[in-house]
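Trainee: First the structure, which I've put down as structure tokens, then a few questions once you've had a look.
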Amino acid sequence: MNHDARDDVGYDAVILAGGRASRLGGLDKPGALVGGVPLIEWVAAAVAGARTLVVVGPTRTSAAGAVVTRAVLTRAVFTREDPPGSGPIPALRAGLAEVTAEWVVLLAADLPFLDAAHVTTLLRAAASGAAGAVLVDDDGREQWLTGAWRVTVLRDALRAYTGGSLRGLLGPLGPVPVRLPAGRGGRPPWFDCDTMSDLRTADDLRTAGGTVRERERSEDQA
């Protein structure tokens with residue numbers, strides 16, 4: 001029987017939040033404030049409907065000097081890859097060890113414009129395929145840390161995989177590609193924060209409104 005990803009079995013979510021953020025000079029990227037809220041909390045809020053929320057990374061009681069107050073993050077199960085900082089594949093293995101649902105939403109910790117509606121769309125698409133679904137951007141590039149997956153397929157693939165990249169693991173599974181429209185204010189759900197410029201853009205938009213493209217145009221003209 002084809003189970004719907006939204007049935008009463010529910011889904012779990014895994015957020016990978018243990019990277020080194022080398023392009024940010026070692027800044028604690030998941031804890032960086034965007035619109036006054038740590039990045040990781042924006043992501044956690046997008047999967048508030050998860051039965052279990054797993055965060056692979058340091059346990060967080062505060063971030064960037066701001067007390068974490070959103071209940072969605074305080075209920076998270078925290079775990080670490082072994083050794084810490086060893087990459088996304090060990091991190092995924094550690095996260096999946098805490099998952100008990102049929103479906104898992106796999107996310108990066110730096111997606112300030114992803115919301116619950118986007119996650120629902122990914123889950124619906126995942127239910128129509130054999131393995132899962134992955135978000136693609138406007139250029140058709142897969143965003144491997146924004147997807148929904150059938151847990152048994154993911155675990156089987158991990159057992160047989162000896163590489164170190166998410167693309168190498170997930171690409172051969174043939175996930176359904178999902179194109180999502182920009183959210184409120186023209187903010188693309190795949191926008192992530194790899195650089196200080198990305199963080200400033202996200203912070204400005206979350207604080208004062210506007211769109212990513214408007215911010216990029218203003219920076220080009222400066």
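The values are calculated or read from the model by the stated rules, or taken from the named source; none is laboratory data. The structure displayed is predicted, hence computed values, not measured ones. Please note: Cβ atoms are built from the backbone with ideal geometry, for glycine as well, and neighbour counts cover all protein chains shown. Side chains included, ligands, DNA and RNA excluded: accessible areas come from the protein's heavy atoms. Shrake-Rupley method; radii C 1.70, N 1.55, O 1.52, S 1.80 Å.
Trainee: If R₀ is 22 angstrom, what is the calculated FRET efficiency for the pair THR74 and ARG51, using the beta carbon separation as r and rounding to 0.05? Mind showing how you got there, number by number?
Mentor: Working: r = 16 Å, r/R0 = 0.73.
FRET efficiency, THR74 to ARG51: 0.85.
Trainee: Summarise the accessible area of region 69-135 (1.4 Å probe, protein heavy atoms) by the percent that is carbon and sulfur. Spell out each step's value before the answer.
Mentor: Working: 1320 of 2370 Å².
Here it works out to 56 percent.
Trainee: Out of the trypsin sites (Lys or Arg not before Pro) in region 154-204, which ones are loop residues according to DSSP with at most 16 other C-beta atoms within 10 Å? Don't jump to the answer; show the numbers that get you there.
Mentor: Details: sites: ARG155, ARG159, ARG167, ARG179, ARG184, ARG200; in loops: ARG184.
Sites meeting the loop and neighbour criteria: ARG184.
Trainee: Suppose R0 equals 25 Å; then what is the FRET efficiency for ARG124 and LEU158 from their Cβ-Cβ distance, rounded to the nearest 0.05?
Mentor: Details: r = 24 Å, r/R0 = 0.97.
Computed FRET efficiency for ARG124 and LEU158: 0.55.
Trainee: Hey, another quick one. Less than 16 Å from a label point 7 Å out along the Cα-to-Cβ axis of LEU27: which backbone N atoms in region 98-137 qualify, by residue?
Mentor: Inside the label zone: 109-113.
Trainee: Using the heavy atoms of the protein chains and a 1.4 angstrom probe, tell me the accessible area per residue for region 104-181 in square angstrom.
Mentor: Working: 3160 Å² over 78 residues.
Ligands and nucleic acids excluded, the result is 41 Å² per residue.
Trainee: Rounded to whole Hz and in sequence order, give me ³J(HN,Hα) for region 123-131 from the Karplus expression 6.51 cos²θ - 1.76 cosθ + 1.60, θ = phi - 60°, writing x for Gly and Pro.
Mentor: My calculation for region 123-131 gives 5, 4, 5, 4, 5, 8, x, 7, 10 Hz in order.
Trainee: As an exercise, use a Förster radius of 22 Å and the Cβ-Cβ distance of ARG141 and SER197 to find the FRET efficiency, rounded to the nearest 0.05.
Mentor: Details: r = 19 Å, r/R0 = 0.88.
That gives a FRET efficiency of 0.70.
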